[in-house]
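Participant: Dumping the structure here so I can ask a few things about it.
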Amino acid sequence: MTQQIINGFSRLSKDEKLDWVAQQFLADPAEAAREIAGFRHADAEVQRVLDGFSENTISNFPMPFGIVPNLMLNGRVYAVPMVIEESSVVAAASGAAKFWLDRGGFHAEVVDTVKLGQVHFCWSGRPDRRAALFPALREKLRAEAAAITENMEKRGGGLLDMEWLHLPDIAPDYYQLRASFETRDSMGANFINSVLEQMAASLEDWAAHDPALTSEERNIEIVMSILSNYTPDCLVRAWVSCPVSAFDGVCGDSGADFARRFQLAVRIAEEDPYRAATHNKGIFNGIDAVVLATGNDFRAIEACGHAYAARSGRYRSLSHCEVADGQFHFQLHLPLALGTVGGLTRLHPLARRSLELLGNPTAAELMQIVAATGLAQNFAAVRSLVTTGIQQGHMKMHLQNILNHLSATPGQSEEAHRYFADKIVSFSAVRAFLGEA
C-alpha cells in the first residue's frame, strides 16, 4: 500500500476525504469507509452542525452519554450527565451520590469567578518608570477597549483590573500586562482575547505617540496576546460532612477505622506527587465527563486544575480530609472556568440537553455541580482503595468490555456475569471461562 502526500485535502468533500483516507491507509478500504461513514448522524442538519465544530471531518466519534442520578447538592437533587468511555466512573459516582443522599448530600460554593489574560511584550524603558507611566496608560487601555467590553458590562461583567509586570528572569526587557475579567455565564475566551488584542494595539500606539515617553522608551514589541487557562481566582469549593459513626457497617465494621484509613489515603496524596497524580486523575474522571457533556473545554479545565495542584511548588492532592471530634469532613478546592452560554453549550444538541437536564444553570451553578461530581468520584475511588480495593469494582464493570472483545455470545455473557459475581475478573480468566463454556 503506497501512502501519498496530498495537497488541498481540506477542499475535498467529506466523502472524498474518507475515500482518500481509506484507500491510502486502511487494509480493507471499502469496508473501512462503510464502517466510518456509519457513525455519521442520520439528520443532515445535525451533522452539518457537528461538522462545523472541527476541520477535515469524515465522521463522528461516539462516546457514551450516561447519567448519575440522586446527586444532592445544596439541598437540590440533580441527575448529572456524564460523557466518558469508562463505565466504572459513572457507576462509582452514582454510588457515591446515593451514599451521601442520606448523609446530608454535597455542598458547594463559588469563591470567586475572576478570569485572566496577558499581553506579553518587550519594552525599551526602565522598570522604575512604570509607576509614573501606568496610571495614564491604564485609562487609555480601558477607554480604547470600551467598544468591546460594553455588552459584557451590561451583563454585569467586563474588564476588572490590570497590572504591569516586569519579569526579567524571562528576558531583561520583558514585560507583561496581566488583566482580570468577569465574563458572567460565558466562558469568555473570545471576549478576553479580543480585549487583549485591542490592548496590544493600544500599547503600540502609546509607545509611538505618548508625549510622556522619551525617545529611548518608544521601542515596544508585542510578543503575543492570549487568555490564561490558569485561573486560580475562578474558584469553587465542594464538601461533604457527617459523623464518623455514619460509616459504621457500611464502610466496614468500624466507621472510625474507615475514616482513619480514608484520611491517611488523602494525606498521602497531599504529600506524594506519584500518588497525587493518580488521586487527582480520579477527580477529573468525574469533572471531565460533566464538562464534556455540557460542551465545555475539558483540556483547559485539566490544565488549570493541575497547575493549581502544583501552586505551592509541589504537586499535591486537590482534595483534603479532616477527622476531628467524631466528625468526618472531605472537601475539594478547584478552579473551574466554565460557560453555559456561547460556544458548543448551545450549538451541540446534547450539550444543550445536558444543561436543560441540570435546570439550565448559570456558570456559577455549573461550577458547583461539576465540583460536587468530582468530589463524589474522588470519594468513591478512595473508599474502594481503602476497603475492597479498586480492581473489584473496576473489573466487574470492565467484564462486559472483555466479553465484547472476545466476541462472546449473549448467552455466554449472561453465564459469565453469573460466574464472576464472586470471583476476580481478568482478561485471561474470562478467556479461559469462555473456552470451557
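Bear in mind that the values in this text are calculations on the coordinates, not laboratory data. No experiment lies behind these values; they were computed from the predicted model shown. Note: ideal-geometry Cβ built from the backbone for every residue, glycine included; neighbour counts use all protein chains shown.
Participant: When the chain is treated as a GNM, springs tying every alpha-carbon pair under 10 Å, which of Leu385, Leu227, Leu332 comes out with the largest mean-square fluctuation?
Facilitator: For the chain, modelled as a Gaussian network with Cα springs under 10 Å, the answer is Leu385.
Participant: Restricting to the chain, compute how many DSSP beta bridges are antiparallel as a %, nearest 5.
Facilitator: Numbers: 50 of 52 bridges.
Counting only bridges with both partners in the chain, antiparallel ones make up about 95 percent.
Participant: Mind checking which helices in the chain clear 18 Å along their axis (Cα) and have mean Kyte-Doolittle hydropathy of 0.5 or more, DSSP H runs only? Let's see the in-between values first.
Facilitator: Numbers: long enough: 87-101 (21 Å, 1.09); 130-144 (20 Å, -0.31); 189-209 (30 Å, 0.16); 255-271 (24 Å, -0.15); 273-293 (29 Å, 0.22); 363-386 (35 Å, 1.06); 390-405 (22 Å, -0.69).
Helices passing the filter in the chain: 87-101, 363-386.
Participant: Any idea what diffusion coefficient the stretch 60-181 gets from Stokes-Einstein, in µm²/s, Kirkwood Rh on alpha carbon pairs, 4 °C, 1.567 mPa s? Please list the in-between numbers first.
Facilitator: Values: Rh = 19.2 Å.
Stokes-Einstein gives a translational diffusion coefficient of 67 µm²/s.
Participant: Using modelled amide H (1.01 Å from N, peptide plane; none on Pro or chain starts), what sits under 5 Å from the amide H of Asn74, excluding residues fewer than 5 places away?
Facilitator: Hits under the 5 Å cutoff: Phe106, His107, Ala108.
Participant: Nearest 20 debye, what's the magnitude of the dipole of the stretch 306-430 about its Cα centre given +1 on Lys and Arg Cβ and -1 on Asp and Glu Cβ?
Facilitator: Details: 10 positive and 7 negative charges, 73 e Å.
I would put it at about 340 debye.
Participant: Which order, highest average first, do 193-203, 343-353 follow once you tally other Cβ atoms within 10 Å for each residue and take the mean per peptide?
Facilitator: With the highest mean Cβ count within 10 Å placed first, the list reads 193-203, 343-353.
Participant: Same structure, new question: Among Ser426, Ser186, Ser407, which one shows the biggest mean-square fluctuation in a GNM of the chain, springs joining Cα atoms closer than 10 Å?
Facilitator: For the chain, modelled as a Gaussian network with Cα springs under 10 Å, the answer is Ser407.
Participant: Using a Gaussian network for the chain with springs between C-alpha atoms less than 10 Å apart, which of these wobbles most: Gly295, Gly389, Gly305?
Facilitator: Its mean-square fluctuation being the largest, the pick is Gly389.
Participant: Please state the charge dipole magnitude for the chain, taken about the Cα centre, from unit charges on C-beta atoms (+1 on K and R, -1 on D and E), reported in debye and rounded to the nearest 20. Could the numbers behind the result be given before it?
Facilitator: Details: 39 positive and 51 negative charges, 139 e Å.
Result for the chain is approximately 660 debye, rounded to the nearest 20.
Participant: Put +1 on the Cβ of every Lys and Arg and -1 on every Asp and Glu Cβ in the chain; which of Ala93, Asn296, Ser10 then has its Cα farthest towards the positive end of the dipole?
Facilitator: Of the options given, the answer is Ala93.
Participant: Can you list the chymotrypsin sites (Phe, Trp or Tyr not before Pro) in the stretch 41-143 that are in a DSSP coil and have 13 or fewer other beta carbons within 10 angstrom? Kindly include the intermediate steps, with their values, before the conclusion.
Facilitator: Working: sites: Phe53, Phe65, Tyr78, Phe99, Trp100, Phe106, Phe121, Trp123; in loops: Phe53.
Qualifying residues, ordered by number: Phe53.
Participant: Then there is this: In bins 10 Å wide, starting from 0, what share of all Cα pairs of the stretch 115-228 does each bin hold, as a percent?
Facilitator: Result, from short to long distances: 14, 48, 28, 9, 0 percent.
Participant: Ok, one more. Please compute P(r) over all alpha-carbon pairs of the stretch 323-373, binned at 10 Å starting from zero, and give each bin as a whole-number percent.
Facilitator: 22, 41, 20, 12, 5
Participant: If I stretch the segment between His417 and Glu109 completely, what's the gain in nm (0.36 nm per residue apart, minus their alpha carbon distance), one decimal? Before the final figure, lay out each step's value.
Facilitator: Values: separation 308, 0.36 × 308 = 110.88 nm, distance 4.17 nm.
Difference between extended and current length: 106.7 nm.
Participant: Mind jotting down a quarter of the surface of the convex hull over the alpha carbons of the stretch 1-62, in square nanometres, one decimal? Show your work: numbers first, answer last.
Facilitator: On the way: hull surface 17.9 nm².
For the stretch 1-62, averaging the hull's shadow over all directions gives 4.5 nm².
Participant: Rounded to two decimals, what is the ratio between the C-alpha radius of gyration of the chain and 2.2 N^0.38 Å?
Facilitator: Against the empirical 2.2 N^0.38 Å value, I get 1.19 for the chain.
Participant: Turning to a different aspect of this structure: With a cut-off of 8 Å between alpha carbons and a minimum separation of six or more residues, what is the relative contact order of the stretch 1-62 in percent?
Facilitator: Averaging sequence separation for qualifying contacts and normalising by length gives 36 percent for the stretch 1-62.
Participant: Taking 0.36 nm per residue of sequence separation and subtracting the Cα-Cα distance, how much length would be gained by fully extending the chain between Ala42 and Val250, in nm to one decimal? The partial results should precede the final answer.
Facilitator: Numbers: separation 208, 0.36 × 208 = 74.88 nm, distance 4.70 nm.
Using 0.36 nm per residue and subtracting the Cα-Cα distance, I get 70.2 nm.
Participant: Now, a different point. When the dipole is taken about the Cα centre of the stretch 1-62, and only Lys, Arg (+1) and Asp, Glu (-1) are charged at their Cβ, what size is it in debye, to the nearest 20?
Facilitator: 140
Participant: Looking at Leu26, Ser54, Ala44, which one has the Cα that reaches farthest to the positive end of the dipole of the stretch 1-62 (charges on Cβ: Lys, Arg +1; Asp, Glu -1)?
Facilitator: Ranked along the dipole, the leading option is Ser54.
Participant: Along the charge dipole of the chain, pointing to its positive end and built from +1/-1 on Cβ of Lys, Arg, Asp and Glu, which listed residue (Gly158, Ala212, Ala380) has its Cα farthest out?
Facilitator: Ala380
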